[in-house]
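The structure appears below as structure tokens.
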Amino acid sequence: MFPRPGDLEEIIARSLCGIGPQARAVMVRIPSDLPRVMVDPPIMERVIANLAANALRYSPSGSPPLVTASARGGRVVLRIIDHGPGVPEADRDRIFAAFQRLGDTGSTIGVGLGLTVARGLTEAMHGTLEPEETPGGGLTMAISVPAASGPAELHPDSPAWLERERTGSALRQTASTAGTPSMARC
Ligand SMILES: Nc1ncnc2c1ncn2[C@@H]1O[C@H](COP(=O)(O)OP(=O)(O)OP(=O)(O)O)[C@@H](O)[C@H]1O
Ligand SMILES: [Mg+2]
């Protein structure tokens, strides 16, 4: 685990690409002036992939999940919003326990570890992962992580610089621009 300043838009784009073609349905709406986040980018990618895979699985066709982000008080909150059946408030703690799968234990999809791991990894990055009700119905997963204070405070030897050089701007084109919802493309 190595938290360093990362571009959330890039992290989201990589994460959705990793899920596969079905993730093209996911809409992404990120403000263009969002601060960088202090996370371990590959770990954050994994967390988002877990949550987005769940959201896709439970989304009715024609109503794809939406990923949004906002900054407030030194933190950035990423929301993965779906319009599926949601989880009753009484069960919202339980879904984070290992091997808990509500109502569909006979199915062969997943083992029920995704959320346990996602929350553990998020907390290791000084973040939180909390379920919310989507207005109008569905589940929203809110990940709050620290905002990075900006590139000016990076030490020139920091691996974050190297990471930036390597990733370049190619991935930028895969995510949204200027706060407009867009389809993630790989
Ligand atoms: N977006 C969602 N909408 C409705 N229910 C959900 C959603 N995400 C998770 N759940 C419920 O929480 C349970 C636990 O989710 P979790 O991601 O931990 O396991 P899984 O997806 O079943 O398996 P795994 O992630 O290990 O492949 C799910 O089985 C489901 O009952
Ligand atoms: Mg899962």
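The values are calculated or read from the model by the stated rules, or taken from the named source; none is laboratory data. The model shown is predicted, which means the values in this text are computed figures rather than measured ones. For neighbour counting, all protein chains shown are included, and Cβ atoms are generated from backbone atoms with ideal geometry for every residue, glycine included.
Looking for something touching a helix residue (DSSP H, G or I) at 6+ places or on another chain (Cβ under 7 Å), away from ligand 2 (no atom under 12 Å from the Cβ) and either charged (D, E, K, R) or more than 24 Å from Pro31 (Cα to Cα) (or both) - is there at least one such residue anywhere in the stretch 52-71?
Within the stretch 52-71 (the criterion being touching a helix residue (DSSP H, G or I) at 6+ places or on another chain (Cβ under 7 Å), away from ligand 2 (no atom under 12 Å from the Cβ) and either charged (D, E, K, R) or more than 24 Å from Pro31 (Cα to Cα) (or both)), the answer is no, since none of the residues qualifies.
Which of the following residues is surrounded by 12 or more Cβ atoms within 10 Å (Cβ to Cβ), under 23 Å from Leu121 (Cβ atoms), touching a residue at least 60 places away in the same chain (Cβ under 8 Å) and of a type outside the set (Asp, Glu): Arg92, Arg57, Arg79, Arg101? Steps first, please.
Numbers: Arg92 fails: touching a residue at least 60 places away in the same chain (Cβ under 8 Å); Arg57 fails: touching a residue at least 60 places away in the same chain (Cβ under 8 Å); Arg101 fails: touching a residue at least 60 places away in the same chain (Cβ under 8 Å).
None of the others qualify; the one that does is Arg79.
Within the stretch 67-100, which residues are over 15 Å from Pro135 (Cβ atoms) and among the charged types (D, E, K, R)?
Across the stretch 67-100, the qualifying residues are Arg72, Arg75, Asp91, Arg92, Asp93, Arg94.
With the condition kept exactly as written, say whether any residue in the stretch 63-80 is more than 20 Å from Pro146 (Cβ to Cβ), within 16 Å of ligand 1 (Cβ to nearest atom), over 11 Å from the mean Cα position of the chain (by Cα) and not small (Gly, Ala, Ser).
Looking through the stretch 63-80, at least one residue is more than 20 Å from Pro146 (Cβ to Cβ), within 16 Å of ligand 1 (Cβ to nearest atom), over 11 Å from the mean Cα position of the chain (by Cα) and not small (Gly, Ala, Ser).
Limited to the stretch 115-134, what total is found for residues that are small (Gly, Ala, Ser) and either away from ligand 1 (no atom under 13 Å from the Cβ) or at pLDDT below 95 (or both)?
As a first pass, look at the stretch 115-134 and keep what is small (Gly, Ala, Ser): 118, 120, 124, 127.
Next, from what is left, pick out any that are either away from ligand 1 (no atom under 13 Å from the Cβ) or at pLDDT below 95 (or both): 124, 127.
Of the residues in the stretch 115-134, 2 are small (Gly, Ala, Ser) and either away from ligand 1 (no atom under 13 Å from the Cβ) or at pLDDT below 95 (or both).
Please verify whether Val39 is in contact with a strand residue (DSSP E or B) (Cβ under 6 Å, 6 or more places away or on another chain), of a type in the set (Val, Ile, Thr) and surrounded by fewer than 21 Cβ atoms within 10 Å (Cβ to Cβ), treating the condition exactly as stated. Step through it out loud before you land on a result.
Values: in contact with a strand residue (DSSP E or B) (Cβ under 6 Å, 6 or more places away or on another chain): yes; of a type in the set (Val, Ile, Thr): yes; surrounded by fewer than 21 Cβ atoms within 10 Å (Cβ to Cβ): no.
Spelling it out, it is not the case that Val39 is in contact with a strand residue (DSSP E or B) (Cβ under 6 Å, 6 or more places away or on another chain), of a type in the set (Val, Ile, Thr) and surrounded by fewer than 21 Cβ atoms within 10 Å (Cβ to Cβ).
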